[in-house]
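Everything below concerns the one structure shown next.
The values are calculated or read from the model by the stated rules, or taken from the named source; none is laboratory data. Here the structure is a predicted model, which means the values were calculated and not measured. Neighbour counts are summed over all protein chains in view; Cβ atoms, including those assigned to glycine, are modelled from backbone coordinates with ideal geometry.
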Amino acid sequence: MLRSMEDATNGAVAGSSLPGWQWDATLFQGCAAYYERGRLPYPPGLEAALTAALALDGRGRLLDTGCGPGTVALRLAPRFAAVVGLDADRDMLEVAAARAAERGIASVTWVCRRAEELPAGLGRFRVVTFAASFHWMEREWVAAAVRGMLEPGGAVVQISGTEATAPPGTLPYPPPPAAAMQALVRRYLGPERRAGQGVLRHGTPDDEPAVMARVGFGPPEIVTVSGGQVLARSIDDIVAAVLSHSSSAPHLFGSRLPAFEAELRALLGAAAAGGRFAQQLGDTELRIWRR
């Protein structure tokens, strides 16, 4: 299938369901180049768990909403006849398209729109996924839209991954010095968590079952994908992780970005001899709402 990138159009819903914050196009500005290297992957059992839970058989279409650089869309592409990856950040989609080309995956169409513009003429889907993205959206609006886009028997899946907290001394290398890294970000960007042009004083919500119930879904089915894998990480990996987050996106530092990165690298070099760290994947939770 010919890959395409469609420009966002008028009609997107303004604002956000997050108190005191409004979405803007700079939320992940500059993060795409760091995302794949910096973010921890989902456990290798993700595809098998979804395939078993949803009886995937290579038919139907997947809509990955807030797809970023294609992390989930590309992993699940072999389980569907066609995939649409939707994101509001053009840089993320360019990275996703490049990764698809490298892997010879031609069944994904990349669409540059906000989720609030759905259904956007995209048609019906067997599955709609939100992988660490739903909390940034006008959730009730988007949930109602995707419910209407599901085929009979279709499902919405929220994918939430975590990092495990390993007991001291059980990892082959020290974990990244998270508290010191956060303190360094705050010193440069201020005490409140940044997000685009605003701040998140109240954090992000996690009441998705209530949101989904209000638009007509029943209680979710919960599937847990076991983690536990230990990954060795370099200083470059950890720097990429910091710069892949909206709260420390490269553009927020402005002209001070080189100074921040130099301090971060010095901090990491002092925290681990040889510059090697270890992180353990936690379990990933799949919340499945069926139509």
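Points to keep in mind about this one:
- Among (1) over 20 Å from the mean Cα position of the chain (by Cα); (2) surrounded by 13 or more Cβ atoms within 10 Å (Cβ to Cβ); (3) in a helix (DSSP H, G or I) - the single one Ala179 does not satisfy: (2)
- Pairs are defined by a Cβ separation below 8 Å, a sequence spacing of at least 6 or placement on different chains, a first member in region 247-267 that is not in a helix (DSSP H, G or I), and a second member that is not aliphatic (A, V, I, L, M); the pairs so defined are Ala249/Thr26; Ala249/Phe28; Ala249/Gln29; Ala249/Gly30; Ala249/Cys31; Ala249/Arg194.
- Filtered residue count, region 88-133, keeping only those that are in a strand (DSSP E or B) and either in contact with a Ser or Thr (Cβ under 8 Å, 6 or more places away or on another chain) or more than 19 Å from Ala32 (Cβ to Cβ) (or both): 10
- Arg37 passes every criterion in (1) farther than 26 Å from Ala249 by Cβ; (2) modelled with pLDDT of 95 or more; (3) surrounded by fewer than 18 Cβ atoms within 10 Å (Cβ to Cβ) apart from (1).
- Those residues of region 73-83 which are buried (at least 22 other Cβ atoms within 10 Å of the Cβ) and either among the charged types (D, E, K, R) or part of a strand (DSSP E or B) (or both), in sequence order: Val83
- One residue alone among Asp7, Asp57 is modelled with pLDDT of 95 or more and farther than 21 Å from Gly282 by Cα, and that residue is Asp57.
- Residue in region 141-157 that is at pLDDT below 95 and within 22 Å of Ser246 (Cβ to Cβ) present: no
- Between Glu151, Glu163, Glu102, the distinction of being among the charged types (D, E, K, R) and under 21 Å from Thr224 (Cα atoms) belongs to Glu163 only.
Per-residue answers, yes or no, for (1) touching a His at 6+ places or on another chain (Cβ under 9 Å); (2) under 18 Å from Glu221 (Cβ atoms); (3) among the small types (Gly, Ala, Ser):
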| position | (1), (2), (3) |
| --- | --- |
| Pro44 | no, no, no |
| Ala49 | no, yes, yes |
| Leu54 | no, yes, no |
| Arg61 | no, no, no |
| Thr65 | no, no, no |
| Gly70 | no, no, yes |
| Arg75 | no, no, no |
| Pro78 | no, no, no |
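- Flag for Gly203 being assigned to a loop (DSSP other than H, G, I, E, B), under 17 Å from the mean Cα position of the chain (by Cα) and either closer than 30 Å to Ala143 by Cα or not hydroxyl-bearing (Ser, Thr, Tyr) (or both): yes
- Residues within region 46-70 that are surrounded by 21 or more Cβ atoms within 10 Å (Cβ to Cβ) and either in contact with a Phe, Trp or Tyr (Cβ under 7 Å, 6 or more places away or on another chain) or not in a helix (DSSP H, G or I) (or both), tallied: 10
- Subset of region 112-130 that is hydrophobic (A, V, I, L, M, F, W, C) and either surrounded by fewer than 21 Cβ atoms within 10 Å (Cβ to Cβ) or modelled with pLDDT under 95 (or both) - its residue that is farthest from Gly154 (Cα to Cα): Cys112
Residue-wise test of (1) crowded, with 17+ Cβ neighbours inside 10 Å; (2) modelled with pLDDT of 95 or more; (3) farther than 27 Å from Val95 by Cβ.
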site	(1), (2), (3)
Pro191	no, yes, yes
Pro209	no, no, yes
Pro219	no, yes, yes
Ala232	no, yes, no
Ile238	yes, yes, no
Phe253	yes, yes, no
Glu261	no, yes, no
Ala266	no, yes, yes
Ala271	yes, yes, yes
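- Glu285 passes every criterion in (1) among the charged types (D, E, K, R); (2) buried (at least 16 other Cβ atoms within 10 Å of the Cβ); (3) part of a strand (DSSP E or B) apart from (2).
- Listed by first and then second residue, the pairs with beta-carbon distance under 7 Å, at least 6 apart or on different chains, first residue in region 19-37 and among the aliphatic types (A, V, I, L, M), second assigned to a loop (DSSP other than H, G, I, E, B) and buried (at least 17 other Cβ atoms within 10 Å of the Cβ), are Ala25/Ala88; Leu27/Gly196; Ala32/Pro69; Ala32/Asp89.
- Leading residue by the ranking (nearest to the chain's Cα centre (by Cα)) among those in region 107-124 that are within 14 Å of Gly148 (Cβ to Cβ) and among the aliphatic types (A, V, I, L, M): Ala115
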